[in-house]
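Chemist: Have a look at this one before I ask anything.
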Amino acid sequence: MVIAMTDTFDPTPLRREVLAVILLDRGPLADFDIGPDGIAHPGAGFEGVQITWSELASAAANTGLPSHTVRRRLARWLRLRIVLDTWLSGPDRPARQNRVISVIRPRALPRDHALHPGSGWALHSVLGGAVDVGLAMRGVDDDGHLDPDSVGLLPFGVLTAAGIDLDIATGRAHRYLDDMAQLAADRLRRDPSAVLRSLGDADVITLLANAHFRHVLLDGQGMRTAAVPSRDRGWLDLGRVDPAFAISAAQLTDPDTRGFDRPILITADEIAMVRAGGRPIGQSLADPCTG
């Protein structure tokens, strides 16, 4: 399906996907009503949500994608709009906005990751073309469902649509990552051989997106290799690791929690994936056992 915003925007393909999301949902999305200008949720304990077709096209990321991906993006966006409007409704809106901003977090993802919300999501990209960095929010999962123990993705534009100052939220996320990266760097100095792991609400990929953490990780070297097959675990210096490990571990990891499906190269300024090709798994299986 292709959704493109032009002067002659045709909402028909988008309406079809939105209708599918509403009809198939067993939660609050089923209460949305479709109209000529967009969709509306009557609200229950909050003021209600009005969403235009233009906003919905942004939610779908304005690109040609499989229907299941488009529907997941739309459903995530709609749930987040309901959550944010619920949190922001009522008296003392400035205090409520501050509460929302206090749970904004950074999130880095491989550029081709299954959860990636689209090209507009990234606030910036790490040199090397492998990692994009955007926003997430504590209190929801990656599909926008309420979950106090999760930190879910925030597609670009959701905060603005809900009336939250994006610059303030972004600044909050950057400060959070700087704090977590400093703590993770101190942990790495104490045990340079340790497995890379998450800290606070910053997973391994998000920590690697921080320049200070990469500087400490390099420890004076120009480049280091790493396998990060899941978002919350990574292994350095692959000369001591089976070459098939990164690929096999990634393939065995759920797509949503997967990290990089190939080893990565880390420098002070870049994170790049090694080129695809070769037969590392077959070569590992063919190696004779010694013992």
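Chemist: Just checking, does the stretch 115-130 include any residue being modelled with pLDDT of 95 or more and closer than 16 Å to R175 by Cβ?
Modeler: Scanning the stretch 115-130, I find no residue that is modelled with pLDDT of 95 or more and closer than 16 Å to R175 by Cβ, so the answer is no.
Chemist: Looking at the stretch 89-103, is at least one residue within 30 Å of R262 (Cβ to Cβ), touching a Lys or Arg at 6+ places or on another chain (Cβ under 7 Å) and at pLDDT 95 or above?
Modeler: Among the residues of the stretch 89-103, not one is within 30 Å of R262 (Cβ to Cβ), touching a Lys or Arg at 6+ places or on another chain (Cβ under 7 Å) and at pLDDT 95 or above, which makes the answer no.
Chemist: For the stretch 146-175, name all the residues that are under 19 Å from D232 (Cα atoms) and without any contact (Cβ under 8 Å) to a residue 12 or more places away in the chain.
Modeler: D147, P148, D149
Chemist: Restrict the check to the stretch 202-210 and report whether at least one residue is of a type outside the set (S, T, Y) and surrounded by fewer than 21 Cβ atoms within 10 Å (Cβ to Cβ).
Modeler: no
Chemist: Still on this structure: Looking at (1) in contact with a strand residue (DSSP E or B) (Cβ under 9 Å, 6 or more places away or on another chain); (2) of a type outside the set (D, E); (3) at pLDDT 95 or above, which is the one condition that is false for S193?
Modeler: Tallying (1) in contact with a strand residue (DSSP E or B) (Cβ under 9 Å, 6 or more places away or on another chain); (2) of a type outside the set (D, E); (3) at pLDDT 95 or above, S193 fails exactly one: (3).
Chemist: Of the numbered conditions (1) of a type in the set (F, W, Y); (2) farther than 28 Å from Q97 by Cα; (3) out of contact with any helix residue (DSSP H, G or I) (no Cβ under 8 Å at 6 or more places or on another chain), Y176 satisfies every one except a single condition; which is it?
Modeler: Y176 satisfies all of (1) of a type in the set (F, W, Y); (2) farther than 28 Å from Q97 by Cα; (3) out of contact with any helix residue (DSSP H, G or I) (no Cβ under 8 Å at 6 or more places or on another chain) except (2).
Chemist: With the condition kept exactly as written, say whether any residue in the stretch 74-86 is under 18 Å from L207 (Cα atoms), at pLDDT 95 or above and not charged (D, E, K, R).
Modeler: No - not one qualifying residue is present in the stretch 74-86.
Chemist: So which helices (runs of 4 or more DSSP H) are wholly in the stretch 183-256 and hold at least 3 residues that are in contact (Cβ under 8 Å) with a residue 40 or more places away in the chain? Quick ask: steps written out before the conclusion?
Modeler: Numbers: elements: 204-208, 211-218, 245-251.
Output list reads 204-208, 211-218.
Chemist: Continuing with the same structure: Taking D143, is it surrounded by fewer than 18 Cβ atoms within 10 Å (Cβ to Cβ), in contact (Cβ under 8 Å) with a residue 60 or more places away in the chain and under 11 Å from the mean Cα position of the chain (by Cα)?
Modeler: Values: surrounded by fewer than 18 Cβ atoms within 10 Å (Cβ to Cβ): yes; in contact (Cβ under 8 Å) with a residue 60 or more places away in the chain: yes; under 11 Å from the mean Cα position of the chain (by Cα): yes.
For D143, the condition - surrounded by fewer than 18 Cβ atoms within 10 Å (Cβ to Cβ), in contact (Cβ under 8 Å) with a residue 60 or more places away in the chain and under 11 Å from the mean Cα position of the chain (by Cα) - is met.
Chemist: With respect to R99, is the statement that it is of a type outside the set (A, V, I, L, M, F, W, C) and either closer than 21 Å to V70 by Cβ or in contact with a strand residue (DSSP E or B) (Cβ under 7 Å, 6 or more places away or on another chain) (or both) true?
Modeler: Working: of a type outside the set (A, V, I, L, M, F, W, C): yes; either closer than 21 Å to V70 by Cβ or in contact with a strand residue (DSSP E or B) (Cβ under 7 Å, 6 or more places away or on another chain) (or both): no.
When the stated conditions are applied, R99 does not pass them.
Chemist: When you look at A108, is it among the small types (G, A, S), closer than 26 Å to P13 by Cβ and outside the structural domain of D31 (by TED's automatic domain parsing), yes or no?
Modeler: So A108 does not fit the description; no.
The values are calculated or read from the model by the stated rules, or taken from the named source; none is laboratory data. Just so you know, these numbers come straight off a predicted model, no measurement behind them. Methodologically, a virtual Cβ is constructed for each residue, glycine included, from the backbone with ideal geometry; neighbour enumeration extends over all protein chains shown.
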